[in-house]
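What follows is a set of notes on a single structure, which appears directly below.
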Amino acid sequence: MSDTLDHLKLQHHITKADQLKDPYFYLEFEVPEGTTRFDVSLNYPKAKDCIIDLGCLDPEITPFPAVSGFRGWSGGARDSFFIALDDATPGYVHGQIKPGTWQIILGLYKVPENGADVDLTISFDQAPRKLVPQPVTPNPVRHGAGWYKGDLHCHTFHSDARGAPELLHAAAKQAGLDFLAIADHNTTTQRRYFHPHSSQDLVFVRGMEVTTAVGHANVFGIDDWLDFRMTRPDHAHIVAKAAHERGGLFSINHDKPPIDWTYELPETDCMEVWQSAWLMYNWVSLARYQKRLSEGHQISLIGGSDYHQPDQLLPEGPLVLARPTTVLWLDELSEQAVLNAMKAGLGYVTEGPDGPHLSLTSGLARMGDKVPAGTTSFSVHVKGAKGDVLRWVDASGLRREDVLINDEQQISFNQPATGFLRTEIVARENHTELLGEFLGAFKGKKLPLGLTEADILEQPIIRALSNPIYIVTE
């Protein structure tokens, strides 16, 4: 047998009926004995109403929820990939290539009324290659307690961004971050290049964005791929349980237009209440978070830029990495300390690396802690928000507003609260400046997500959000 085998052709006409039956479509192909690399290319009539995602599964795959057999996902970002013993296209898992029945998985995101013809070409190679193991994740620790800054949601070219992990690393250093989670869509392969560089200067938190057409969630702190092929509202419980069984955290992402969370609410550690610039519909996420808290759920608030690193390092600005920034109180800087603080809710979200500081306490109780019903002593420490408004919010809604008259001050709230108490900083004197900065970032372009100027002109601009302190009846 020659080193390069003949091409294999797979063809299928995808229909709306296929999409309605299952949003994922599978095409089987046989991998010959001795294959050390194979290449796949996809061709279909791309259009606004025709978008088909691409991925690959090996012979170990089972129906949802699978625990192994995933070999890669690139969504709609790529039309081709390769998998070899020693390397793979970003988003795909290199390593052992077992002979037998493999599958191309197509995500039927958008299918036109008349369907679409899909053509796949697969070529196999048997040139000698060494089997390269998966990388070992390091565990650096920076000693010292304090407030540490990070971004918990960003992307590289291992999913749908153009930039390499190395560029995102440079962007994180430019922003002055202490920790960073890359959560590429439905894959964990970014850790091949990224996590070996985790250090005391910048600790990397393992992440994966579970991405479907009707909801996204981040899973933090595990190496394992989690099966993203949710097709029913209750499947979210299965994915969250799988994350928790492996010691990870489950976090609902950007529950707002255009990708609202439409699955059932599983056991959820965190909620990404603030994604990208505040005026990108984040008031919708906050309202939904408020509702869940008021219903008795205890879910930690986090934020993430959802920054898609371009193929060059951009200067600081309103739409880059760490806008917003999640700030956590850690006894030390390490991945496990970050995960513990995220789960505990011991932190706040602010507009950027230099955004306002906002720390809520009640005696010795900190954000994320519980205090007994009837507690009437709460305090917040604020810095960098002179002239802005501090809001106190509990399960009944807005309780009080205070104008911040100093650059740094401690403000007390000596009233009982219902269910929980959390705080917000709302822009006041610099509202016009922040609005102009946001609109200026899209000068000459349409606003994103279908926003119009009318949607945002009168919208309050949040500068910081604290996690709640919970009020419990003993």
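Overview of values
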read-out	value
Ordering of 382-391, 345-354, 366-375 by packing [mean C-beta count within 10 Å, highest first]	345-354, 382-391, 366-375
Ranked packing of 54-64, 399-409, most packed first, by mean Cβ within 10 Å	54-64, 399-409
Cα-based Rg of the chain normalised by 2.2 N^0.38 Å, two decimals	1.03
Residues whose placed amide H lies under 5 Å from that of R206, excluding near-sequence neighbours	G221
Size of electric dipole in the chain: Cβ of Lys, Arg +1 and of Asp, Glu -1, about Cα centre, debye, nearest 20	580 debye
Cross-link pairs beyond the 21 Å C-alpha cut-off, checked among K48/K445; K241/K343; K16/K241	K16/K241
Using θ = phi - 60° and Karplus 6.51 cos²θ - 1.76 cosθ + 1.60, couplings along the range 12-23 (whole Hz; Gly, Pro as x)	7, 9, 7, 10, 4, 5, 4, 5, 5, 5, 6, x
Accessible surface of the chain, 1.4 Å probe, proportion on carbon and sulfur as whole %	50 percent
Burial ranking of peptide ranges 252-260, 135-143, 454-462 (average Cβ count within 10 Å, highest at the top)	252-260, 454-462, 135-143
In order through the range 108-114: 3J(HN,Hα) via Karplus (6.51 cos²θ - 1.76 cosθ + 1.60), integer Hz, x for Gly, Pro	8, 5, 9, 10, x, 4, 8
C-alpha long axis of helix 431-440 to longest principal axis of the chain, angle in °	20 degrees
Over the range 380-474, relative contact order from alpha-carbon pairs under 8 Å, at least 6 apart, %	31 percent
Percent RCO, i.e. relative contact order, over the range 371-422, from Cα pairs under 8 Å lying at least 6 residues apart	48 percent
Whole-number accessible area per residue in Å² for the range 272-317, which is evaluated in the context of all protein chains at 1.4 Å	37 Å²
Surface per residue (accessible, 1.4 Å probe) for the range 394-460, Å²	59 Å²
Vicinal HN-Hα couplings computed from phi for the range 290-300 (Karplus, 6.51 cos²θ - 1.76 cosθ + 1.60; Hz; Gly/Pro x)	4, 4, 5, 4, 5, 7, x, 6, 10, 10, 6
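The values are calculated or read from the model by the stated rules, or taken from the named source; none is laboratory data. The structure presented is a predicted model; accordingly, all values stated were derived computationally and were not measured. Neighbour counts run over all protein chains shown; Cβ positions are idealised from the backbone, glycine included. Calculation scope for accessible area: heavy atoms of the full protein, side chains included, ligands and nucleic acids excluded. Shrake-Rupley method; radii C 1.70, N 1.55, O 1.52, S 1.80 Å.
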